[in-house]
1. Restricting attention to region 43-75, which residues are hydrophobic (A, V, I, L, M, F, W, C), touching a Ser or Thr at 6+ places or on another chain (Cβ under 8 Å) and more than 29 Å from residue 171 (Cβ to Cβ)?
2. Please pick out the residue among 63, 54, 89 that is in contact (Cβ under 8 Å) with a residue 40 or more places away in the chain and surrounded by 16 or more Cβ atoms within 10 Å (Cβ to Cβ).
3. Scan region 107-133 for residues that are within 21 Å of the chain's Cα centre (by Cα), farther than 21 Å from residue 146 by Cβ and part of a strand (DSSP E or B) and jot them down.
4. So, in region 25-39, of the ones that are open to solvent by less than 60 Å² (accessible area, probe 1.4 Å) and in a strand (DSSP E or B), which residue ends up farthest from residue 115 (Cα to Cα)?
5. Within region 59-106, restricting attention to residues that are of a type in the set (Ser, Thr, Tyr) and either in a strand (DSSP E or B) or touching an Asp or Glu at 6+ places or on another chain (Cβ under 7 Å) (or both), which residue is nearest to residue 32 (Cα to Cα)?
6. So is residue 128 closer than 17 Å to residue 37 by Cβ and either touching a helix residue (DSSP H, G or I) at 6+ places or on another chain (Cβ under 6 Å) or of a type in the set (Phe, Trp, Tyr) (or both) or not?
7. Pick from region 40-51 the residues that are open to solvent by 20 Å² or more (accessible area, probe 1.4 Å) and of a type outside the set (A, V, I, L, M, F, W, C): which of them is nearest to the chain's Cα centre (by Cα)?
8. Would you pick out the residues in region 159-187 that are loosely packed, with under 15 Cβ neighbours inside 10 Å, part of a loop (DSSP other than H, G, I, E, B) and of a type outside the set (D, E, K, R)?
Amino acid sequence: MIQALNNRVLMFMLLSLIMTALIIIPVYSVATNELDIVIVYDPMTDSGIVVYNLKLDTALDELSTIRTQLIGGEYIDIISVTDNQGEELLYEYDETTREIEILANDTDMISITYEISGLFEEIGVGAYMVYIDLASYSNISIRVEIDLIGKYTIYSEPSNIEVQQDEELTIVILDNPLQYVLVVTETLPTDIGTETTTTTATTTTSRTSTETITTTSSPITTETTTTTTTTTTSSTETPTEELTPSTIMLIIAVVALLIIIIGAIIARKK
């Protein structure tokens, strides 16, 4: 009877091992061949969206894990992890190391989309700085595109970067596995106009027309405003009264009387 019991125990253990072996699924680790990262970011609000596109060495034909570290600042919130068919994938994210481990099958591309904040640091009025370390990707092809919302002037160390201006975006492209320090400063508008208005008042004793033209030039755009001031001074004229005939006769009589008096005085002296 003891022998029969031992046989049952052995059979149970054997069945357990068989059942365990049937549910073990091998999971393989796959390396990334290419990495394309697009960061759309607003330095003023210090927030943005990041999209990781990982190109695998080969198309997966069995369940595999893919690990990569995410570029991030103070905060990361993963929105989705999908394959090349748009199917959602299982993943595990470590906030401390910013490393994500993805479980995938039957795909050669994985896309990771997440929100980010705290990537840039404000170092002055309208000036921001970011540190991006791509040195760990030296064994793969990597490209990082940073789309900054707004017009910015870019300073980089090292300087081997590409900068493009596209309407309201400043695009920075990094394609070398290096450690980058970027300083971005707001670009002032190029449309600066100066408007000057001058008014001149002139007082004269006659009618005078004075025209004053003032032109102010700025380094970029010149706008001239001309103000014409006309000052009119009316002169005061004394009206002349016309002489009546009686007045004229009186004047003639007075003049004749004067002539007679003067003639009499002259005759007495002789």
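The values are calculated or read from the model by the stated rules, or taken from the named source; none is laboratory data. Worth saying up front: this structure is predicted, and the values here are computed from it rather than measured. Cβ coordinates were reconstructed from backbone atoms using ideal geometry, including for glycine residues, and neighbour counts include every protein chain displayed. Just so you know, the surface numbers come from the protein's heavy atoms only, side chains and all, with ligands and any DNA or RNA stripped out. Shrake-Rupley method; radii C 1.70, N 1.55, O 1.52, S 1.80 Å.
1. Residues of region 43-75 that are hydrophobic (A, V, I, L, M, F, W, C), as a first pass: 44, 49-51, 54, 56, 59-60, 63, 66, 70-71.
Subset that is touching a Ser or Thr at 6+ places or on another chain (Cβ under 8 Å): 49-51, 54, 56, 59-60, 66.
Hits for region 43-75 are 59, 60.
2. 54
3. Hits for region 107-133: nothing passes.
4. 32
5. 68
6. On the way: closer than 17 Å to residue 37 by Cβ: no; either touching a helix residue (DSSP H, G or I) at 6+ places or on another chain (Cβ under 6 Å) or of a type in the set (Phe, Trp, Tyr) (or both): yes.
No: the conditions fail for residue 128.
7. First, pick out the residues of region 40-51 that are open to solvent by 20 Å² or more (accessible area, probe 1.4 Å): 40, 42, 44-47, 49, 51.
If we keep only those that are of a type outside the set (A, V, I, L, M, F, W, C) too, we end up with 42, 45-47.
On the way: 42: 8, 45: 12, 46: 13, 47: 14 Å.
Here the answer is 42.
8. 159, 160, 187
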